[in-house]
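Reading through the C-alpha cells given below for one structure.
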Amino acid sequence: MTDYDAIVVGSGAGGLAASVRIARNDHSVLLLEATPGLGGCLRPFEKAGYTFDMGLHYVGELGEGEKFWEALNELGLLDRIEFIELDPEAIDRYVFPDFELRLCKGKQRFKEQLIQLFPKEASGIEKYFGIYEKVTRASESFMDIEARPLQLLGWVVRNPVMLRYGRVPYQALLDTVTSDIRLQTALAAPWFDFLLPPERAAVSYGVGTWYHYLSGGYYPRGGSRALRDAFVDELEQRGAEVRTSAGASSIDRRNGGFLVTFAGGKQATSRVVVSNVNPVVTFGQLVNPNLVPSGVAKKAKGLRPSASVFGLLIGTDLDLPALGVGSGNLVPYAGYDVNKIFAATMAADSPRVSDCFFVNSPSVRDPAAGLAPPGHHSLEVLAGASYAAFERWADLAAADRGEEYEALVAELSDQLVSTLERFIPQLSRHLEFVEVITPLTLARGIGLVEGGIYGPEVTPDQMGPARFPDGRCGIDGLFLAGAGTKGSSVFYSTLSGVQAGRKAVSYLTSQ
Ligand SMILES: Cc1cc2nc3c(=O)[nH]c(=O)nc-3n(C[C@H](O)[C@H](O)[C@H](O)COP(=O)(O)OP(=O)(O)OC[C@H]3O[C@@H](n4cnc5c(N)ncnc54)[C@H](O)[C@@H]3O)c2cc1C
C-alpha cells in the first residue's frame, strides 16, 4: 500500500501540468515544492504594490487547435485562464541602429516586411521560409515522439531537412540564405528567447521561435501568476495535496514503487514519481545512484545550463502608454552581429548588457489587473548575463556582497537605464521602485542551475535525444517534466508535463 499514486517533485510549469494531468484521472497526487511559493519561474515577484513576472513574458500557439491551446484544453484549464493578445503589429519591436523590424502576426505579412526592408535579398528570404516550413514541420512531429532508436530513425527519414540542419548551428542556415549581416541579424533577432547566438543555437530554435509567435503573442490576464493559479485551482478541485517549503532530498525504491524523503526527513511513498527538477539535479542529487542507468547519469551530468540574465524590475510614475510603450516587447540593438553582442553581454569581466536587451510593461498590457499602484506603471528590463560574472558572490547574502558587487550592479543598471532613456525619456528621474535580478537571484530563488533561465542550453548537441524529450529516463515509473526534457519555455515545460502526466497515468493503469 502506498501513500499516493503519484508524487510530483517541483511545481514549475512542468510539475504543475503533470500533477493536473494525473489528478484529472482520479489518481491521488502529492506535489512537493522546495520554496515557500508555487510556480517556479511562473511565481511572480511582488513588492511595494507591484507585481512583476519572473519567467513568463509572452507565449504563443494559443489559437484553437494549436499546441499550447491543446495542452491547456487537455488539462481542463481553458475556462480558468484568459489571455490578452499582444499588439499583433508589434509582438516584438527589434530596434536596430538604422532600421526597425517588427514581429507581427502572420507569416506572410512578416515575410513581406522583411522583403520590403531587404529588397535585394528577396530570393534569400524566400529560401529561408522554404527551409522554415520543413524545419517547423519536423519540430512539430518531434513533439510527441518516443525517443527510441527506431522512432528516431523513422523521424529523420520522414524529415530529411534535419540531416542537413539537425546537428549544425543556426548560423549555418543563415549563411546558406544570405551573406548580408543586417539580414542575418534580423533573422536572428529573437535570440533572446533562448539566449544563444546563431553560431551556437540549434536551428530548430532559431526558426521555431518565429513559428511560435507568428500566430500571435499572448500574456495571461493577471500576469504569470494567473497561469500558475489556474493550475493550482484545478489541483485543489481535484483533491491533490500540495506542500510548499517541502524540498525533496532523495528518491528511492520501496516495495516496487518509490519512497521520497522531503522537508528535512518526512517521507511518503508512491507508485510513480514525476521530477520537475533539472535532470542534472534529479540524477546528481535526488535519485539513488544505484537506480540510475549509467547512460542516463552520464547524459544528465553533461547537460550545460543556459545563460542567465541581469534584469531590472522598475516602478515608475511616467505615463508609459503616452510615451509610446505598447503591449508588445521592445528589444533595442546596439549593432548588427548577434554573435558579438552575445559575447559582450556574457563576458565574465566588464559585461556590456546594453548592446541588446528585452523590455516590457505588465501594467501596460493589463491595466485592470492592479499590477502597479494607481498612477504608476511597471517595466521589466532583462539582458543576458553569465553566471561567471557573479559567481564569486554566490555564497554571500545580497547585503554582504560588498563594494565591488555594488559597483558592478550600479554599472549594469546605468547601462540599461541610460540606453532605455532613448525610448522612455527622463526614466532615470522617475524610478520609483527598482529591484535588481542577477543570476544569483534566480539560482537561489528558483533553484535554476547557475541561474540558467532556460534549463539546459539549446545547442545542437543538447537537443532531441541528447536531453529527455519524451520524459522517460530508464527507470520504470519515474518520469521527467520541465525545461530539461523537450526544450526551454513555459510552452515546452507545460507540454512536457502533459506528456509525463499521460505516461504516469498509463503506467498506473497498467499495474
Ligand atoms: C527571467 C526569465 C524570463 C523568461 N521568459 C519567458 C517567456 O517570456 N516565455 C516563456 O515561455 N518562457 C520564459 N522563460 C522560461 C520559462 O519560464 C521556463 O523555461 C519554465 O517556466 C521552466 O519550467 P519548469 O517546468 O522547467 O520548472 P521551473 O520553473 O524551473 O520550476 C522548478 C521548480 O522545482 C522546484 N524544485 C527544485 N528542486 C526541488 C526539490 N528538490 N524538491 C522540490 N521542489 C524542487 C523549484 O523550486 C521550482 O519551483 C523565462 C525564464 C526566466 C527565468
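Taken together, the values in this text are just the output of simple stated rules run on the coordinates, not laboratory data. Quick caveat, the model's predicted, so the values are computed rather than measured. Neighbour counts are summed over all protein chains in view; Cβ atoms, including those assigned to glycine, are modelled from backbone coordinates with ideal geometry.
In this model, which of K67/K340; K107/K298; K105/K486; K266/K503 are farther than 29 Å apart at the alpha-carbon?
The pairs that break the limit, which is 29 Å between Cα atoms, are K67/K340; K107/K298.
In deg cm²/dmol, rounded to 500, what helix-only [θ] at 222 nm does the chain give when every DSSP H run of at least 4 residues adds -39500 (n - 2.57) and the total is split over its residues?
Numbers: 16 runs with 176 residues, N = 511.
Estimated from H runs of four or more residues: -10500 deg cm²/dmol.
Where both residues lie in the chain, what percent of DSSP beta bridges are antiparallel, nearest 5? If you can, show how the numbers build up before the last one.
Values: 45 of 65 bridges.
Around 70 percent antiparallel, to the nearest 5.
Hey, can you rank 249-256, 354-361, 283-290, 385-392 by average C-beta count inside 10 Å, highest first? Could you put the intermediate results ahead of the total?
Numbers: 249-256: 14.5, 354-361: 23.2, 283-290: 17.0, 385-392: 19.5.
Final packing ranking: 354-361, 385-392, 283-290, 249-256.
What FRET efficiency comes out for V168 versus R392 if R0 is 45 angstrom and r is the Cβ-Cβ distance? Round to the nearest 0.05.
Numbers: r = 35 Å, r/R0 = 0.79.
That pair, V168 with R392, gives E of 0.80.
Please report the base-10 log of the normalised intensity I(q)/I(0) for the chain, using a Debye sum with one equal scatterer per alpha carbon and no solvent, at each q in 0.08 (1/Å).
Taking Cα atoms of the chain as identical point scatterers yields -0.48.
In degrees from 0 to 90, rounded to the nearest 10, what is the angle of the helix 107-117 Cα long axis to the longest principal axis of the chain?
Taking the Cα atoms of the chain, the angle to 107-117 is about 30 degrees.
I want to check the label-to-label distance for T261 and A348. Put each point 7 Å from Cα in the C-beta direction and report it in nm to one decimal.
Result: 3.5 nm between the two label points.
As an exercise, use a Förster radius of 35 Å and the Cβ-Cβ distance of D476 and K340 to find the FRET efficiency, rounded to the nearest 0.05. Don't skip to the end; give the middle numbers.
On the way: r = 48 Å, r/R0 = 1.37.
E(calc), rounded to 0.05, equals 0.15.
Give me the distance in nm between label points sitting 7 Å out from Cα along the Cα-to-Cβ direction at S141 and Q285, one decimal.
Those two pseudo-labels are separated by 4.0 nm.
Between the helical axis of 122-142 and the dominant principal axis of the chain, each derived from Cα atoms, what acute angle in degrees is found, rounded to the nearest 10?
Tilt relative to the chain: about 10 degrees.
Order 424-435, 439-450 from most to least packed using the mean count of other Cβ atoms within 10 Å. Don't skip to the end; give the middle numbers.
On the way: 424-435: 15.4, 439-450: 20.7.
Highest to lowest by the protection proxy: 439-450, 424-435.
Once fully extended, how much extra length lies between R304 and V157, figured as 0.36 nm per residue of separation less the alpha-carbon to alpha-carbon distance? If you can, show how the numbers build up before the last one.
Working: separation 147, 0.36 × 147 = 52.92 nm, distance 2.89 nm.
Roughly 50.0 nm would be gained on extension.
Restricting to Cα pairs below 8 Å that are 6+ residues apart, what does the relative contact order work out to for the chain? Please round to a whole percent.
Working: 1077 pairs, mean separation 123.9, N = 511.
Once normalised by length, the contact order is 24 percent.
Classify the range 173-322: rounded, prolate or oblate, from the alpha-carbon gyration tensor (a ≥ b ≥ c, eigenvalue square roots; a/c under 1.5 rounded; otherwise prolate if a/b is larger than b/c)? Don't skip to the end; give the middle numbers.
Working: a/c = 2.62, a/b = 1.48, b/c = 1.76.
Oblate.
So what are the radius of gyration and Dmax for the Cα set of the range 304-451, in Å?
Taking only Cα atoms of the range 304-451, I get Rg and Dmax of 15.5, 44 Å.
Put a dot 7 Å past each Cα toward the Cβ at R444 and E199; how far apart are the dots in nm?
3.5
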